[in-house]
Structure formats: C-alpha cells, structure tokens
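For reference, the structure discussed in these notes is given below.
The values are calculated or read from the model by the stated rules, or taken from the named source; none is laboratory data. Predicted model only: the values in this text are computed from it and were never measured. When we count neighbours, we look across all protein chains shown, and the Cβ atoms used for this are built from the backbone with ideal geometry, even at glycine. Keep in mind that these areas ignore ligands, DNA and RNA; they rest on the heavy atoms of the full protein, side chains included. Shrake-Rupley method; radii C 1.70, N 1.55, O 1.52, S 1.80 Å.
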Amino acid sequence: MSNKTQEILSVYKKNVMPTYAPSVVISSGKGVTVRDADGLTLYDFTSGIGVHNVGYSNANVVEAIQNQAAKLTHSSNLFANEPSTRLAEKLVSLSGLGGKVFFANSGAEANEAAIKLARKWGSANGGRYEIVTMRQGFHGRTLATVAATAQAWCQEGYDPLPVGFAYADYNDLESVKAAVNEKTVAIMLEAVQGEGGVTPATEEFMKGVRALCDDKNLLMICDEVQAGMGRTGTWFAWQGYGVEPDMFTLAKALADGIPMGALVTNAKLADTFTLSAHASTFGGNPVAAAAALAVIEVIESKGLLAKAVEIGTLFKEALQSFVDKYDKLLEVRGKGMMLGLVVDAEAKEIVEALKNQGLLALTAGANVVRFLPPLVLKEEDLEEAIDMIDDALDCVFGEE
C-alpha cells in the first residue's frame, strides 16, 4: 500500500465512523475503470454497488449536472421544478403502470415511502398494516427497512424493531401464503435479490405472488433499488416476468451517483398520499433529476437494455466455464449484468484476489462473488476482465 493511500486511509480511520473498512481510495473514474489515489487503473465491476450503469463520468450526465447546477440546485418542494416534473413523467411512461411518483434521496427512503403508502392504503382498507417480506432480501438501513430486511446480521443490536413485518421464503409461494393473515396489506420482494446472494425470482413465483395479491386484495411491492434502470435487460427487473406490481422503488443507478430515490405507483395508488401525508426536503432535487433524465437518454440512445443481455450472456458463459473447471465453484446465477458466482469457500478471499489482479468485485453474503459491471462494458474489456478473473481463481484454487 502506497504512502498516499496510507495517508488518506489513516485520516479516514481517525475521522469516519467504522461502518466500512475500505482498502482502496478511488480518486477518479471513466467508463468501466477507476483510478486509485496513486494512479493505478482498476476495472470496476461493482459500478459503485450498482450505481454507474452508464459508466463513470458519462459525458451526457456530466453536462446535464453542470448545466442544471449553474441554473438551480434546490428550491424545496413548496415549488415545482421542471427536471423532476419531466423525470416523473418519464418514469410513469417507462413503467406503464399509469400512476404517479414520489421522490426521495436513497433506496431506503424510497422503501420507507412504499411501506408508509402501503399502510396508508391499508388503513382505509380494513385497517391492515403488516407487510410480508422475503428471507435473504434487503431493503435498507433505516429502522423500518431493517425490520423489513429478514436478515439477522443487519438487525442485531437494534431492538426493539418496528412491528408490522412477517417473513417468508423466497421462491416458495406456499411459504408466502402461510405468512399472509388478516393483518396483511402487502407483499414486498426483489425480482432479483442482490445483497442476499444475486438470486433471481422464478417466473412461477413472481406470477404466483401477483395472483395471491389479486386474490387477497394485497399490494405487490417490488424493490428495484439494485436491479432497476436496465441492469437485468429491462428497465425494471419485474418487467422480465410478465407481471405488474402495484408500486416499485428505485435509487442507486437512477441518477448515476447523485443521491436520488423514487417510489412509482400504479393508478390505484396514485393519490393515496394526500397533501402533507409524506414529504422529503431534497426529494426531486433538480440536479439529481437532470442527471436521471440524462441516464435514461443514454440507456435509450446506446441500446443498453439489449447490451445488458448480450454482454451479460457472454459474461455468464465465461463464469460458467470457471464453474466447470473448479470444484469449489458451484453455480453462476443472476440476470443481465447482475451476476453472482456461488463458491464453496469465503467469497471475500476471491474478491481480494480479484483486486490484486486489477478488478473490483463485491460479495453478496459469505459465499457469493457479485459482479455488477457498468452496462457500457465492451466485449474487449470483458475479455480482459475474464483473464483477470482466471488468474485470480488460479491464485485461490489452482495447484501449488
């Protein structure tokens, strides 16, 4: 570790609460690569944890941010601004749900809004409030979204958690049915579980949940914070299953790193939040909204939905070849450019080996290496990255 990196990390450790343990200092990024504090270039197959879908420092996004920042950075939601108004119109159109949008600042806040809206609707429909969520799911780090996240590791030490959540097994419709009772108002799930192991829902499960919601007059909520904005090959991952949720949430890639979250509803729920029923000072920030509009334009003009499928398929095939080669590699799963390599070992060991080869990746639980490359990844860059992965796996699993 160089003196520059050591210097910055020393100051970081002294002044920043230890909720993260970084070993790399990122100074800049362009396309699918980043540079550390000492000028070393690395392929970033994390995309800032699913944020830079259109790549680092995308020229269209940078220009949109600069132009908007020169005009208006904030005005509060007591007044309307044009970028967020246009963005809401665009998200409603892309979803096809015919509803409305509430803007927040993060995925957790968007999910909080979804939880509140479900309860608001439930209070007028039989006084129901309980939401069924999936084990191994992830919905955020606020108290309510931690309670919604059915994973003990992120709940420990925060009791008493808010009530109103019941847990079911992902991809097990009978488990979901067993969790539904007279208090249930909604079922909340990810079409592809991200933090829980990069596990896609089966089509049978998604359609079964939709049918169950229709039968029991429940709301279906899709958390698209990580899988949304084209990562799986459709604008929103739920669109790949032939179902429509009653509402879904977005964040991460929405504004390419400018903090922004959104809750998008169908027509039935469009006016459930009434005047002052919910609010966010910075929600719909004009700079973030301008960035998001640019992100959408780039995805459309560059054909990145199709590219997520095309390059994602090549990447998945390459990872499968490693599964065939090493006994410790068990499975490749995921959709589009959201892929997980399941290992019979500590995933963090492989992530460290990848970093040493010049490629940044993530874990998703203890035993899954998660890859979230930017959707602008070119085939030649993928080939180089595959060579790095090959070398890293040989370091970890190869013969002495």
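Shape analysis of the stretch 326-383 yields a ratio of the Cα radius of gyration to the Kirkwood radius, Rg/Rh, of 0.97. For the stretch 94-109 versus the stretch 70-90, the inter-centroid distance based on Cα atoms is 15 Å. For the stretch 34-171, taking Cα atoms only, Rg and Dmax work out to 19.4, 60 Å respectively. Of the peptides 101-113, 41-53, 302-314, the order by per-residue mean of other Cβ atoms within 10 Å, starting with the highest, comes out as 101-113, 41-53, 302-314. Residues within the reach of a label modelled at E310 (point 7 angstrom out along Cα to beta-carbon, backbone nitrogen below 17 Å), restricted to the stretch 370-400, are 374-383. Taken over the C-alpha atoms, the chain has Rg and Dmax values of 21.0, 67 angstrom. Overall size of the stretch 1-100 from C-alpha positions, given as principal axis extents largest first: 52, 29, 28 Å.
Using only the C-alpha atoms, the convex hull of the stretch 206-309 corresponds to 107 Å³ per residue. Remark: spin-label model distance A21-E380 equals 3.9 nm, labels positioned 7 Å along the Cα→Cβ axis. With the cut-off at under 18 Å, measuring from each backbone N in the stretch 279-306 to a point 7 Å along the Cα-to-Cβ line of A124 picks out 279. The label point for N181 and the one for T202, both projected 7 Å from the Cα toward the Cβ, are 2.7 nm apart.
Taken as Cα centroids, the stretch 173-218 and the stretch 330-400 sit 30 Å apart, rounded to the nearest whole angstrom.
Give the percent of DSSP beta bridges with both residues in the chain that are antiparallel, rounded to the nearest 5. The partial results should precede the final answer.
Values: 31 of 48 bridges.
Within the chain, antiparallel bridges account for around 65 percent of the total.
Rolling a 1.4 Å probe over the protein heavy atoms of the stretch 224-268, with every protein chain left in place, gives an accessible area that is 53 percent carbon and sulfur. For the stretch 24-106, the share of accessible area belonging to carbon and sulfur comes to 54 percent (1.4 Å probe, ligands and nucleic acids excluded).
Determine the equivalent ellipsoid of the stretch 147-256 by diagonalising the alpha-carbon gyration tensor, then write out the semi-axes as square roots of 5 times the eigenvalues, largest first, rounded to whole Å. Write out the running numbers ahead of the final one.
Working: eigenvalues 94, 75, 31 Å².
Whole-Å semi-axes of the equivalent ellipsoid: 22, 19, 12.
Grab the other residues whose beta carbon is less than 14 angstrom from that of M337, score K and R as +1, D and E as -1, and report the net. Mind showing how you got there, number by number?
On the way: positive: R231, K252, K302, K307, K316, R333, K335, R370, K378; negative: D44, E310, E317, E379, D381.
My count for the surroundings of M337 gives +4.
Annotation: amide H-H contacts under 5 Å for L329 (H modelled 1.01 Å from N, sequence separation of 5 or more, or interchain): D344.
Taking every C-alpha pair closer than 8 Å and separated by at least 6 residues, the mean separation divided by the residue count of the chain gives a relative contact order of 21 percent.
Pull out the extension gain between T142 and E82, defined as 0.36 nm times the separation in residues minus the alpha carbon to alpha carbon distance; nm, one decimal.
Working: separation 60, 0.36 × 60 = 21.60 nm, distance 3.00 nm.
Taking 0.36 nm per residue and subtracting the Cα distance, the gain is 18.6 nm.
Against the chain, whose longest principal axis comes from its Cα atoms, helix 82-95 is set at around 90 degrees.
On full extension, the segment bounded by K14 and E317 gains 104.7 nm, given 0.36 nm per residue less the C-alpha separation. With the simple model of a label 7 Å out from the Cα in the direction of the Cβ, A211 to D394 spans 5.0 nm. Residues whose amide H comes within less than 5 Å of that of A168, counting only those at least five positions distant or on another chain, are T133, M134, R135 (H built at 1.01 Å from N in the peptide plane).
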